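> Please find one structure pasted underneath; my questions will follow.
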Amino acid sequence: MRRGILYWTVVLATFCFVLVGCGQNAAPGNDSGGSADASTNAGYESSLFDTGYVHQVDVQISEEDWADLLANPTEKTKYHVDVAIDGEEVKDASFSTKGNSSLYFVAAEGDSSRYSFRVNFGKYVEGQTYRGLDVLSLNNCFSDPAYMKDYLSYEVFRQVGVPAPLMSYAWVTINGEDQGLYAAVEDEKESFLTRTYNGEGVIYKPESKDVDLSLDRIADIQENGLSMEEESCGSDLVYRDDNPESYPDIFENAETKAGEQDAQDVIAALKSLSEGTNLDSCLDTDGVIRFFAAHNFLLNYDSYTGTLAHNVVLYENKGKLSYLPWDYNLAFGGFVPIVGEGVLSDATDILNRGIDSPLIGVAEDDRPMWAWVVRDDAYLQEYHEVLDALVAGYFESGAADQRIRETSEMLLPYVEKDPTAFCSVDEFKTGCEALRQFCELRAESVRKQLDGGLSPVAEDQESRDKVDASDFNLMDLGVAISKAA
């Protein structure tokens, strides 16, 4: 059954409430997705992740296994499949559902097969890849009527020089039946590490158990709300002690090979970070500053700057930490949890969020990876300079606007025939225009903050100075807003 975006907005609103290019010629910047001096041109980069057209991904799975997946999607069982990408076949790969809210809320409805999927090419055949790619994510674009929030977000990160996953689009079929238009995303595992950092270092995806979902838990959430009683165990990057067992959020979520020394290096870096000492020795300070410049423009609160410290990638190399992006389908103000007094209650508040006060519902001391930036004048100035270049080079130049328009034109025929889409064609068109307007208004506000016309600290902003977004409807982006009672 096809669900409209307003339906999914209500579902996400419930969840948030209780949780107190388009052509080969990309926009200006490093479009390889990796660092300019360390990237290698993997074969999959110029094939599957050519963004000039929608690719074809055909999955062949036994009817018995497909029926089992549809009956038990939240089990994330791994099935043997054959996968053809633009006609090139890879046999005996692993195929499973993936995700958290994008999986469990769809499964809870029980009337859609539009799950996100993960393809691991080497799970059953050692060393097997698709042209060097080890793991491919096929994202269902949940809560994204424009199909572009991840796509544009990763490009914004590349504009400021932060490595980001490669992404394109794919029309997916399963056993010859149309499954629909999906986002094809390079998972941040060994092949990503090889492409961006020549295989050096370790990648973690810190994740608190607080965000684990189940069908029973969703039912309880919708009826009674959610009590987040478990304390973060490392995902906040707060130093606790020297015992690796005190940081399961990090070390139980290594995406690439990691050893005991790697854990000790991370802990030593966390200690220096929390103490605010020897930052240049424990952090890639330039990389982290660039990360937050992009991240804080995009207003993703389903992440480290919100109450849930997850959906980011922690990269460690030789004792230095940095952050990389992952999972931005709720960016552009799409995840604003209840935070009591000072909740962002409308589009004007959200779009004018202070660039120097990006945290919502959490104190600076509990987010040390951000705190060191804002507490040092030199680092803060560098952060502002990166934001200035981003706004001028990508948004004020018209590059972002062009990317959105070109991509929407490419996707429209596929949205029109998508049998499992969460949104209608009209909602897709409205979502694309809303995304373009959001970028325009946010860039205007950030420019005003940088130039002194509006305070970069949200609590110090005067209403008369804010960029007026009263006519902007955040719901058009699939946004869920939680308001205090």
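> Using the Karplus equation 6.51 cos²θ - 1.76 cosθ + 1.60 (θ = phi - 60°), what ³J(HN,Hα) coupling, rounded to whole Hz, does each residue of the range 415-421 give in order, writing x for Gly and Pro?
Result, ordered by residue: 5, 4, 10, 5, x, 10, 4 Hz.
> Could you tell me how far the Cα centroid of the range 250-296 sits from the Cα centroid of the range 130-208, in Å?
22 Å
> Right, something else. Loop-only GluC sites (Glu not before Pro) in the range 52-160, please: DSSP not H, G, I, E or B, and at most 12 other Cβ atoms within 10 Å.
Working: sites: Glu63, Glu64, Glu75, Glu88, Glu89, Glu109, Glu126, Glu155; in loops: Glu126.
Answer in residue order: Glu126.
> Any idea of Ser46's accessible area? Nearest 10 Å², probe 1.4 Å.
80 Å²
> Just order 317-329, 401-413 by mean Cβ neighbour count inside 10 Å, highest at the front, would you?
Values: 317-329: 20.7, 401-413: 17.3.
Descending mean neighbour count gives 317-329, 401-413.
> Run the accessible area of the range 355-398 with a 1.4 Å probe and give the carbon-and-sulfur part as a rounded percent. Numbers along the way, then the final one.
Details: 780 of 1750 Å².
For the range 355-398, the apolar C and S fraction of the accessible surface comes to 45 percent.
> For Asn120, what charge total do you get from the other residues with a beta carbon under 10 Å from its beta carbon, if Lys and Arg give +1 and Asp and Glu give -1?
Working: positive: Lys78, Arg118, Lys123, Lys189; negative: Asp134, Asp187.
Taking every other residue near Asn120 into account, the sum is +2.
> Output the pairs from Lys318/Lys448; Lys78/Lys205; Lys189/Lys417; Lys91/Lys320; Lys78/Lys149 with a Cα-Cα distance over 31 Å in this structure; if there are none, say none.
Values: Lys318/Lys448 39 Å; Lys78/Lys205 20 Å; Lys189/Lys417 33 Å; Lys91/Lys320 39 Å; Lys78/Lys149 28 Å.
Pairs exceeding the cut-off: Lys318/Lys448; Lys189/Lys417; Lys91/Lys320.
> Using a Förster radius of 56 Å, what is the FRET efficiency between Asn278 and Val125 based on their Cβ-Cβ separation? Nearest 0.05, please. Each step should come with its number before you reach the end.
Numbers: r = 45 Å, r/R0 = 0.80.
Between Asn278 and Val125 the formula returns 0.80.
> Averaged per residue, what accessible area in Å² does the range 272-321 show with a 1.4 Å probe, protein chains only? Could the numbers behind the result be given before it?
Values: 1290 Å² over 50 residues.
Solvent-accessible surface per residue comes out at 26 Å².
> Give me a comma-separated list of calculated 3J(HN,Hα) values for the range 435-445, in order, Karplus coefficients 6.51, -1.76, 1.60 applied at θ = phi - 60°, integers in Hz, x for any Gly or Pro.
So the J values, rounded to whole Hz, are 5, 4, 5, 4, 4, 5, 6, 5, 4, 4, 5.
> Can you bin the range 112-184 into rounded, prolate or oblate? Criterion: square roots of the alpha carbon gyration tensor eigenvalues sorted a ≥ b ≥ c, rounded for a/c under 1.5, prolate for a/b above b/c, oblate for the rest. Present the calculation step by step, with values, prior to reporting the outcome.
On the way: a/c = 2.65, a/b = 1.12, b/c = 2.36.
Oblate.
The values are calculated or read from the model by the stated rules, or taken from the named source; none is laboratory data. All of these numbers come straight from a predicted model, not from anything done at the bench. Positions of Cβ are backbone-derived with ideal geometry, glycine not excepted, and every protein chain shown enters the neighbour counts. The area values use the complete protein model at the heavy-atom level, side chains included, leaving out ligands, DNA and RNA. Shrake-Rupley method; radii C 1.70, N 1.55, O 1.52, S 1.80 Å.
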